[in-house]
Amino acid sequence: MTTPTRDRADDRRRRPVHDTDATSGSGSAPGPDAPLLSVRDLHVHFRRGKEILRAVDGVSFDLHAGRALAVVGESGSGKTVTARSLLRLLPRNARIADGQVWFNHAAGSRDGDQHANRGDRPGGRGRRDRGAAGPRDLLRLGEREMRRVRGRNIGMVFQNAMEAMNPTLTLERQLTEHLLWHGICGKAEARDRAVRALGDVGIPEPERRIRTYPFQLSGGMRQRAMIAMAMLTQPALLIADEPTTAVDVTVQRQILDLLVEVKNRGTGIVMITHDLGVARYFCDDVVVMYAGRVVERASTPDLLDTPRHPYSVGLLGSCVEIGDRGRALAPIQGAPPDLARRPQGCAFHPRCGMAEAPRCLTDQPLLPLGGDGSGGTGGREAACWKVVPDA
Ligand SMILES: Nc1ncnc2c1ncn2[C@@H]1O[C@H](COP(=O)(O)OP(=O)(O)OP(=O)(O)O)[C@@H](O)[C@H]1O
Ligand code: SF4
Ligand SMILES: [Mg+2]
């Protein structure tokens, strides 16, 4: 998680990414029973010379408290940019061009965030937690308010652990400052909590390790320290970008079991992963991204056992899962498109064995299309002209 110290430095460097001219503010706010997170028609652009690269191009999905959503897709499909947009932590050349990110903290705090609305925060300095006031569009919050949401109500595990940590500060300083800055507890308790958090993610001898600097840790250990930091404040929402890629399988299992506990306490989790085994073990629903768009949404068993979109079929065909011995891998032919020159029609058509002229080559299939139109939780949708909607 970005530490407060790092946050301040970032602020000086970071240009505001939110385009106040974004037009999608026109969508009405969801009611108090809305999902914990509701992403609506999110568009993120990068400038490349005179070209606009549409890294995220109309992404929508919902996440309910106590559930985990896997975001899968090939490298470059826009998973990280989507995740970072939720917290408005994008590179300087990125621009959120449109969309809404409704965060309904109250949905998570019913049973999840044990700090919300409690008067037992000795380090609280009277700072009110305004997170429980109903759904708020994170793309339209002021930067000060956004900084309160980041790290406290929403934790993020970054794809690159070093990016989230300050190399010049010990873990003790970073973890305790994180708690103190967000007013979670007082100084004495902060250290205890920090040590416990490191122990929870399987860091051996946490009392000793807490005095080390990030660069003194192995990659896997750093990854675990970052997960500990992201979960310190018991956020209502955790965004985890490939949280287990840098760790070995035993630690991976330990981390996943910990995340299961976190989820069972009511935290909603967005999990970006290349590992479909991780999705199967841990996630309730899956969204599949291709070239900056969601092409299929379904419950995890539906998606992994009976994928409908030809791209999802190809993605599963090119992945190895435990128990797959003997199954021939069938990688998807070709490469994803240049996002500044997306093909007309279905962006997947140059690689799709089922593509049919003229429709696939001229008309873009958009969700909801194939499936029952109800998306993730229980239902399914696929952005493909050839997937027939359920009766
Ligand atoms: N800083 C940047 N400048 C320009 N373009 C970028 C930048 N970061 C990302 N992109 C573009 O956005 C697209 C999506 O990138 P993103 O990092 O979200 O992919 P990803 O799905 O997370 O891939 P991976 O699985 O490799 O992590 C990339 O294809 C790239 O073209
Ligand atoms: S819309 Fe056409 S090209 Fe696209 S995935 Fe479906 S069949 Fe293939
Ligand atoms: Mg990524």
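The values are calculated or read from the model by the stated rules, or taken from the named source; none is laboratory data. Not measured: the values here are computed from a predicted model. All Cβ positions, glycine included, derive from the backbone under ideal geometry; neighbour counts span all protein chains shown.
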**Item:** Failed item, numbered, when Ala116 is tested on (1) in contact with a helix residue (DSSP H, G or I) (Cβ under 7 Å, 6 or more places away or on another chain); (2) at pLDDT 95 or above; (3) at negative phi
**Value:** (2)
**Item:** Matching option when the condition is away from ligand 3 (no atom under 16 Å from the Cβ), more than 17 Å from Ile269 (Cα to Cα) and among the small types (Gly, Ala, Ser), among Gly155, Gly183, Gly151
**Value:** Gly183
**Message:** Going residue by residue through segment 271-282, is there one that turns out to be of a type in the set (Ser, Thr, Tyr) and away from ligand 3 (no atom under 16 Å from the Cβ)?
**Reply:** yes
**Prompt:** Looking at Ser75, is it within 14 Å of ligand 1 (Cβ to nearest atom), over 27 Å from Ser318 (Cα atoms) and out of contact with any Pro (no Cβ under 6 Å at 6 or more places or on another chain)?
**Reply:** no
**Filter result (assigned to a loop (DSSP other than H, G, I, E, B) and over 19 Å from Gly268 (Cα atoms)) within segment 158-179** = Asn160, Met165, Asn166, Pro167, Thr168, Leu169, Thr170
**Asked** When you look at Pro35, is it part of a loop (DSSP other than H, G, I, E, B) and at pLDDT 80 or above, yes or no?
**Response** yes
**Request:** Look at segment 47-100 and say how many of its residues are within 23 Å of Pro343 (Cα to Cα), more than 15 Å from the chain's Cα centre (by Cα) and among the basic types (Lys, Arg).
**Result:** 5
**Asked** Listed residues Val286, Val262; which is part of a strand (DSSP E or B), within 16 Å of the chain's Cα centre (by Cα) and β-branched (Val, Ile, Thr)?
**Response** Val286
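Can you tell me which of Leu339, Leu315, Leu366 is in a loop (DSSP other than H, G, I, E, B), at pLDDT 80 or above and either within 16 Å of ligand 3 (Cβ to nearest atom) or aromatic (Phe, Trp, Tyr) (or both)? Give the derivation first.
Details: Leu315 fails: in a loop (DSSP other than H, G, I, E, B); Leu366 fails: either within 16 Å of ligand 3 (Cβ to nearest atom) or aromatic (Phe, Trp, Tyr) (or both).
Answer to the selection: Leu339.
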**Residues (of a type in the set (Lys, Arg) and either within 16 Å of ligand 3 (Cβ to nearest atom) or in contact (Cβ under 8 Å) with a residue 24 or more places away in the chain (or both)) located in segment 49-99** = Arg54, Arg67, Lys79, Arg84, Arg88, Arg92, Arg95
**Fill in**
Going through segment 195-253 in order, the residues found to be in a loop (DSSP other than H, G, I, E, B), more than 16 Å from ligand 1 (Cβ to nearest atom) and either outside the structural domain of Val72 (by TED's automatic domain parsing) or hydrophobic (A, V, I, L, M, F, W, C) (or both) are Val201, Ile203, Ile210, Leu217, Leu232, Ala236, Val247
